[in-house]
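J.: This is the structure, below, for whatever I ask next.
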2 protein chains.
Amino acid sequence: MAQLDKIEELVTRLKNKDKIALARLISIVENSPEIAKIIFKNIDHLLKSAYIIGITGSPGVGKSTLVGKIAKKLMDQGKSVGIISVDPSSPYSGGAFLGDRIRMTNLTMNPKLYMRSLASRGVTGGLSRATFDICLLMEAFGKDIILIETVGAGQSEVDIIKLAYTNIVIVAPGMGDSIQIQKAGILEIADIFVVNKCDLGGDDIIAQFNMMLDDAITYSGLTGWRPSAIQTNGLTGEGIDELIEEMWNHKEHVELSGILDEKRKTMIKNKIIDLIKYEVEKYILSGLVNENELKEMVSNIFNEEFSIFEGAESIIEKFFSKLKK
Amino acid sequence: MAQLDKIEELVTRLKNKDKIALARLISIVENSPEIAKIIFKNIDHLLKSAYIIGITGSPGVGKSTLVGKIAKKLMDQGKSVGIISVDPSSPYSGGAFLGDRIRMTNLTMNPKLYMRSLASRGVTGGLSRATFDICLLMEAFGKDIILIETVGAGQSEVDIIKLAYTNIVIVAPGMGDSIQIQKAGILEIADIFVVNKCDLGGDDIIAQFNMMLDDAITYSGLTGWRPSAIQTNGLTGEGIDELIEEMWNHKEHVELSGILDEKRKTMIKNKIIDLIKYEVEKYILSGLVNENELKEMVSNIFNEEFSIFEGAESIIEKFFSKLKK
């Protein structure tokens, strides 16, 4: 199979730090979980050598600019950096606008950086599946640090956040009141809390964050880590050094405390379940019922011949009747 | 079964417009897709009599205040209104902060309104599953209009947006540049585009939106609807009348053009697939592998005895060997 030869060649090139091979493999993995399985036969799966950092913030907080600055500093420290930018994209066209790429054009010319935008849609088998797989490829390429950038608001984003070993949450002054800070679940997500655009203020947000932390004794008791609040200015670079230092502190903390091992075990478990779900769902929606049958069922339900629940039940019954006792 | 008697009683009370029964049934449905199936045996599933409106906007655009104003106007027009507020909540504690509830306290005293916040986590079987089921309950209660409020950024939010027959996208001036407007996929989602906090400006956003629309001939060609851009002020109520009028215009458009029927068919199909996926997942995690087996497999993978993909493969093989030929 010519296809397979090509993939083996791409994997070899990937391990030799060929950026084009990395780009191609990511595209393949995004679109086909089937071929992904073949690719990953020759790649380590445990995300041991790359350290994954999640960066979360609403649109408008200056996330992309800050991510660019963080990446730059890490590269100055000799690290090879990969960025996965998860875009809340068009639900219909499936495309992301890739604004981050536009903003970081200068940065992407750096040979130590590889950046990839990932659209919420147009990814087969789910966003967290694709993000995980891209992390594996980036690690195999030799990335030391993988930055995953998300808006962090949805359920799938939460699954992505759980992949990260250190999570940075970014807010900006004037983007909503105290209720929104609490709604965002910052206390639970953030290992490091950043107030960006600090030229616009933010002392009140920091004070409130620290007050919330003081109340949340159980939280710090659980992990042994008290998240710090750092003020940055993505444009001038103010506060970035402090942020990077705190990142390394947190990395050391999760490594020494055993939290990292637990995170990686959870990640393994979730990935196993994802892979199984994908196969069983594929079996039901192609092997067990086909597109036409499903379409006919939808028509019948629409015409009130039976209910949605009865329709689904009949397929589920068919599924279980196919299983041996 | 006493439990079942109680549920039948609750469903009867629901149909007699008992708010407490509605609240209890929503809680049951949120937490148990199993009992949901029993509840929905006696409830119509096709969301024909209630009209569903999606309201999407980033934190800080004044979404909750505007939703409150819209609900108030609709009730003044004699409509019974239900609000489902989907909160990007804490991924760990599972709780939402329910800021919207705090902001809308006066409103919730109105007997024509029922409002419910839904946390991203803590919902069994997915957020869009729960939102759909709550819509069914609200319809059975006799709601004419259901407003679903989301931040609209994540994959699950996109699934929720697809439930709505009319989608309103809200932005506010000064919350990010033109790139972010395009990233949000506004053109594809918005049936009505709202620039809130119009006292802070917004003419430039409206101009840009209209320019984007002019470029997107294919879009308006597909649906026959050109989204309008409306400026509102949630605090003073400016522009709300115009917004409501445009909502009714769009409702008429989707009804007459056949788009509503297509949307409802898609909704039926997605619900069938959701119900099947839920059963499959349950089967995998209890029928196919048990917690201990999975834990052992994770340990072995962590200790590099075999890979994640090999582990998953062995369970998938076990699954297919269970299927009758």
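The values are calculated or read from the model by the stated rules, or taken from the named source; none is laboratory data. Just so it is clear, the structure is predicted and the values come from calculations on it, not from any experiment. FYI the Cβ positions are ideal-geometry reconstructions off the backbone, even for glycines, and counts take in every protein chain you see. Accessible surface areas use protein heavy atoms only, side chains included; no ligands, DNA or RNA. Shrake-Rupley method; radii C 1.70, N 1.55, O 1.52, S 1.80 Å.
J.: Check A:SER257 against each of (1) more than 9 Å from every other protein chain (Cβ to nearest Cβ); (2) closer than 28 Å to B:LYS269 by Cβ; (3) of a type in the set (Ser, Thr, Tyr) and name the one condition it does not meet.
T.: Evaluating A:SER257 over (1) more than 9 Å from every other protein chain (Cβ to nearest Cβ); (2) closer than 28 Å to B:LYS269 by Cβ; (3) of a type in the set (Ser, Thr, Tyr) leaves (2) as the failure.
J.: Sticking with this one: Looking at this structure, is A:GLU281 farther than 18 Å from B:GLU279 by Cβ and free of Cβ contacts under 8 Å to residues at least 12 places away in the same chain?
T.: The answer is no for A:GLU281.
J.: Need at least 1 residues that are open to solvent by less than 10 Å² (accessible area, probe 1.4 Å) per element, so show me which helices (runs of 4 or more DSSP H) inside the stretch A:212-325 make the cut, counting only ones lying wholly within it.
T.: Where helices (runs of 4 or more DSSP H) fall fully within the stretch A:212-325 and carry at least 1 residues being open to solvent by less than 10 Å² (accessible area, probe 1.4 Å), they are A:240-257, A:259-282, A:291-302, A:308-322.
J.: Another one. Only helices (runs of 4 or more DSSP H) wholly contained in the stretch A:49-142 count here; list those with 1 or more residues that are at pLDDT 90 or above and among the acidic types (Asp, Glu).
T.: Of the helices (runs of 4 or more DSSP H) lying wholly inside the stretch A:49-142, those with at least 1 residues that are at pLDDT 90 or above and among the acidic types (Asp, Glu) span A:63-76, A:127-141.
J.: Please work out if A:VAL61 is buried (at least 22 other Cβ atoms within 10 Å of the Cβ), more than 17 Å from the chain's Cα centre (by Cα) and within 14 Å of another protein chain (Cβ to nearest Cβ).
T.: So A:VAL61 passes the test.
J.: Follow-up question, since we're still on this one. Tell me which residues, restricted to the stretch B:260-295, are out of contact with any helix residue (DSSP H, G or I) (no Cβ under 8 Å at 6 or more places or on another chain) and more than 11 Å from chain A (Cβ to nearest Cβ).
T.: B:SER286, B:ASN290, B:ASN292
J.: Now for a separate question. Please state which of the following conditions A:GLN180 fails to meet, knowing it meets all the rest: (1) more than 7 Å from chain B (Cβ to nearest Cβ); (2) modelled with pLDDT under 90; (3) closer than 22 Å to A:ARG226 by Cα; (4) not in a strand (DSSP E or B).
T.: Condition (1) is where A:GLN180 drops out.
J.: Then there's this: Check A:VAL280, A:VAL289, A:VAL298 and return the single one that is of a type outside the set (Phe, Trp, Tyr) and closer than 18 Å to B:ILE308 by Cβ.
T.: A:VAL280
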